[in-house]
2 protein chains.
Amino acid sequence: MNVLVVYAHPEPRSLNGSLKDFTVKRLQDNGHAVQVSDLYAMDWKASLDAADCTDWQPGARFNPSLASKHAYANGSQSEDIAREQDKLRWADALILQFPLWWFSMPAIMKGWVERVYAYGFGYGVGEHSDARWGDRYGEGMLAGKRAMLVVTTGGWEPHYGPRGINGPIDDLLFPIQHGTLYYPGFDVLPPFVAYRTDRIDDAQFLEIRDRLGQRLDDLWKTAPIPFRPQNAGAYSIPDCTLLPDIAPGISGFAAHIASEEPERAATADIAAPAMQYA
Amino acid sequence: MNVLVVYAHPEPRSLNGSLKDFTVKRLQDNGHAVQVSDLYAMDWKASLDAADCTDWQPGARFNPSLASKHAYANGSQSEDIAREQDKLRWADALILQFPLWWFSMPAIMKGWVERVYAYGFGYGVGEHSDARWGDRYGEGMLAGKRAMLVVTTGGWEPHYGPRGINGPIDDLLFPIQHGTLYYPGFDVLPPFVAYRTDRIDDAQFLEIRDRLGQRLDDLWKTAPIPFRPQNAGAYSIPDCTLLPDIAPGISGFAAHIASEEPERAATADIAAPAMQYA
């Protein structure tokens, strides 16, 4: 299979750099083809602007969505953007690897998402009407591919636990995993997270490396996070809100993940008490 | 009072540009001093790298935290970083204004946070030990100042509701509001959010503008989000996890916001059933 690793760390001799090199070798040893977008090494342009649409009329008011739509449809995107889109088309799986900076991806990787996810490619795909709100959240140009985050953080694991002060890691990653990976269609695997990576010794490095190696070996057999597809009956359209009998009594990020238990109430529970939504 | 507006949109003639100009005028009309960091106009460098520490030895392994600590302590930060820190010291209130791109701030603003929040300024402040985990989450260099997000999004309000497909807006903004504003000490006001801003007519613009104007008029009397301070008894240290009698039965982002009801259980509820944490 083909794997694209998009990687963001400014220092090749960092833990992240070592894990990236390890990932490439492990995947190749397993018979996969690998491409790496090493964003710092590529001097990736982080900020989306009018230059991303090479035939945008100078002086014309720049609308990011409309310019992206125009450039994608007319082949006038900046070359670096088109090249990354080609890599995504080629890939069967995408790995985003980064250190967690201020509870999200580094700016340079956020800029990769913003620029590569063109209108017509990453969003704005499919019919948008009162009956259908586009091909997104489980459908889209990247459907059928898998994606996984590989994240390091200096913080301690309990700080990211269910009641840890930073907030649960899965909730912190929801805007990325659901909002940028599931959105254009990826099947999203549970993230690989390494904690307390500020100072690690050889034994800790080997533990992290072996744990990551197992996840890479299992890339095609790990079950994806069961996010709910938008257009398969769980949401009302166009307000894109969960129907009352789906995850009754649950609100927030967790409601968008199907549980393993039977879900639909025996009877519709449209007038559920407001307290259930607390 | 002094207000710093950090603003990220590539087009001055956009809705965001209009709202930024309106904000500056309204605050000045109210007698405040205003500085604007217009990140696109400043061509702000989004990507944190070794150049941010002007005396980092060429070829030396770059550790972002250690380099930041060194540069902040030794006055060898890149000038653009030091200038923004001066603006933050000057400010009594900070407004971050941006369009919501992929459920977070634009890369250029993320890079402002990453680079301006130096070790010793934005984090790594105060004693870190088994008894105290730094001055953060309610304490820190920016304590005593207020902060507010001003956010536009093309999506519909119900898409960001308690059971909307994107996830609740307050949860999507938690990594920013709690993780980057409350973290170094800001009192964080509820966000100002404008929905469906892809196409708005004059009446809608006036509605948004007037609603924003009211929030600006109330900047010093709006109650902040009651995030729980780390070092005031709600969390165990050093694992930074909520004590069992704080928000019993609640996990996730919501547990870090104090409710208005009395909270501490009459008796400690250490062995609460696991289901309560579902």
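Here B:Ser65 fits the description: in contact with a strand residue (DSSP E or B) (Cβ under 8 Å, 6 or more places away or on another chain), of a type outside the set (A, V, I, L, M) and either at the interface with another protein chain (Cβ under 9 Å from one of its Cβ atoms) or closer than 25 Å to B:Val36 by Cβ (or both).
When the range B:7-36 is filtered for residues that are surrounded by 17 or more Cβ atoms within 10 Å (Cβ to Cβ) and within 14 Å of chain A (Cβ to nearest Cβ), the ones remaining, listed by number, are B:Tyr7, B:Ala8, B:His9, B:Pro10, B:Glu11, B:Ser14, B:Leu15, B:Asn16, B:Gly17.
Checking each residue in the range B:136-147 for being open to solvent by 10 Å² or more (accessible area, probe 1.4 Å) and in a loop (DSSP other than H, G, I, E, B) picks out B:Arg136, B:Gly138, B:Glu139, B:Gly140, B:Met141, B:Ala143, B:Gly144, B:Lys145. Does A:Trp90 satisfy the condition of being surrounded by fewer than 22 Cβ atoms within 10 Å (Cβ to Cβ), within 14 Å of another protein chain (Cβ to nearest Cβ) and of a type in the set (A, V, I, L, M, F, W, C)? So A:Trp90 does not fit the description; no. Put simply, of B:Lys221, B:Lys145 the only residue that is away from every other protein chain (no Cβ under 13 Å) and touching a residue at least 40 places away in the same chain (Cβ under 8 Å) is B:Lys145. Name the residue that is nearest to A:Phe174 (Cα to Cα), counting only residues in the range B:96-105 that are within 7 Å of chain A (Cβ to nearest Cβ) and either in contact (Cβ under 8 Å) with a residue 40 or more places away in the chain or outside any loop (DSSP other than H, G, I, E, B) (or both). Selected residue: B:Phe103. B:His9 satisfies every condition listed in (1) assigned to a loop (DSSP other than H, G, I, E, B); (2) free of Cβ contacts under 8 Å to residues at least 60 places away in the same chain except (2).
Filtering B:Gly161, B:Gly233 for residues that are within 14 Å of B:Phe103 (Cα to Cα), open to solvent by 10 Å² or more (accessible area, probe 1.4 Å) and more than 16 Å from the chain's Cα centre (by Cα) leaves a single hit, B:Gly161.
All conditions in (1) in a loop (DSSP other than H, G, I, E, B); (2) at pLDDT 95 or above hold for B:Gln85, with the sole exception of (1).
Within the range B:156-177, residues that are of a type in the set (Val, Ile, Thr) sit with their Cβ atoms under 8 Å from residues that are in a helix (DSSP H, G or I) and modelled with pLDDT of 95 or more, at 6+ positions apart or across chains, in these pairs: B:Ile165/A:Gln230; B:Ile165/A:His256; B:Ile165/B:His159; B:Ile169/B:Tyr160. Taking every residue in the range A:111-127 that is more than 12 Å from every other protein chain (Cβ to nearest Cβ) and in a loop (DSSP other than H, G, I, E, B) and pairing it with any residue that is open to solvent by 10 Å² or more (accessible area, probe 1.4 Å) and aromatic (Phe, Trp, Tyr), at least 6 positions away or on another chain, the pairs with Cβ-Cβ distances below 7 Å are A:Ala118/A:Tyr72; A:Gly120/A:Tyr72; A:Phe121/A:Tyr72.
Filtering the range B:180-226 to residues that are more than 17 Å from B:Leu142 (Cα to Cα) and acidic (Asp, Glu) leaves B:Asp198, B:Asp201, B:Asp202, B:Glu207, B:Asp210, B:Asp217, B:Asp218.
Within the range A:128-138, can one find any residue that is at the interface with chain B (Cβ under 8 Å from one of its Cβ atoms) and touching a strand residue (DSSP E or B) at 6+ places or on another chain (Cβ under 8 Å)?
Within the range A:128-138, one or more residues are at the interface with chain B (Cβ under 8 Å from one of its Cβ atoms) and touching a strand residue (DSSP E or B) at 6+ places or on another chain (Cβ under 8 Å).
The residues of the range A:15-61 that are within 15 Å of B:Ser47 (Cβ to Cβ) and assigned to a loop (DSSP other than H, G, I, E, B), listed by number, are A:Leu39, A:Tyr40, A:Ala41, A:Met42, A:Asp43, A:Trp44, A:Lys45, A:Ala46, A:Ser47, A:Leu48, A:Asp49. Residue pairs whose Cβ atoms lie under 7 Å apart, separated by 6 or more positions or on different chains, with the first residue in the range B:193-217 and within 14 Å of another protein chain (Cβ to nearest Cβ) and the second modelled with pLDDT of 95 or more and open to solvent by 90 Å² or more (accessible area, probe 1.4 Å), are B:Tyr195/B:Glu157.
Conditions tested, residue by residue: (1) of a type in the set (S, T, N, Q); (2) more than 19 Å from B:Lys110 (Cα to Cα).
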residue	(1), (2)
A:Leu15	no, yes
A:Leu19	no, yes
A:Ser65	yes, yes
A:Ser68	yes, yes
A:Ser76	yes, yes
A:Phe98	no, no
A:Lys110	no, no
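Per this entry, A:Trp133 is counted among residues that are aromatic (Phe, Trp, Tyr), open to solvent by 20 Å² or more (accessible area, probe 1.4 Å), more than 15 Å from A:Phe186 (Cα to Cα) and in contact (Cβ under 8 Å) with a residue 60 or more places away in the chain. Once the range B:148-165 is narrowed to residues that are part of a strand (DSSP E or B) and within 21 Å of A:Ser65 (Cα to Cα), the residue that is farthest from the other protein chains (Cβ to nearest Cβ) is B:Val150.
For B:Ala67, the conditions (1) out of contact with any Cys (no Cβ under 6 Å at 6 or more places or on another chain); (2) under 19 Å from A:Ala8 (Cβ atoms) all hold with the exception of (1).
Residues in the range A:166-179 that are hydrophobic (A, V, I, L, M, F, W, C) and at the interface with chain B (Cβ under 7 Å from one of its Cβ atoms) were compared, and the one that is farthest from the chain's Cα centre (by Cα) is A:Leu172. B:Asp80: open to solvent by 30 Å² or more (accessible area, probe 1.4 Å), acidic (Asp, Glu), touching a residue at least 40 places away in the same chain (Cβ under 8 Å) and outside any strand (DSSP E or B), yes or no? When the stated conditions are applied, B:Asp80 does not pass them.
The values are calculated or read from the model by the stated rules, or taken from the named source; none is laboratory data. Please read all numbers here as calculations on a predicted model, not as lab measurements. Cβ coordinates were reconstructed from backbone atoms using ideal geometry, including for glycine residues, and neighbour counts include every protein chain displayed. Remember, those area values only see protein heavy atoms, side chains included, never the ligands or the DNA or RNA. Shrake-Rupley method; radii C 1.70, N 1.55, O 1.52, S 1.80 Å.
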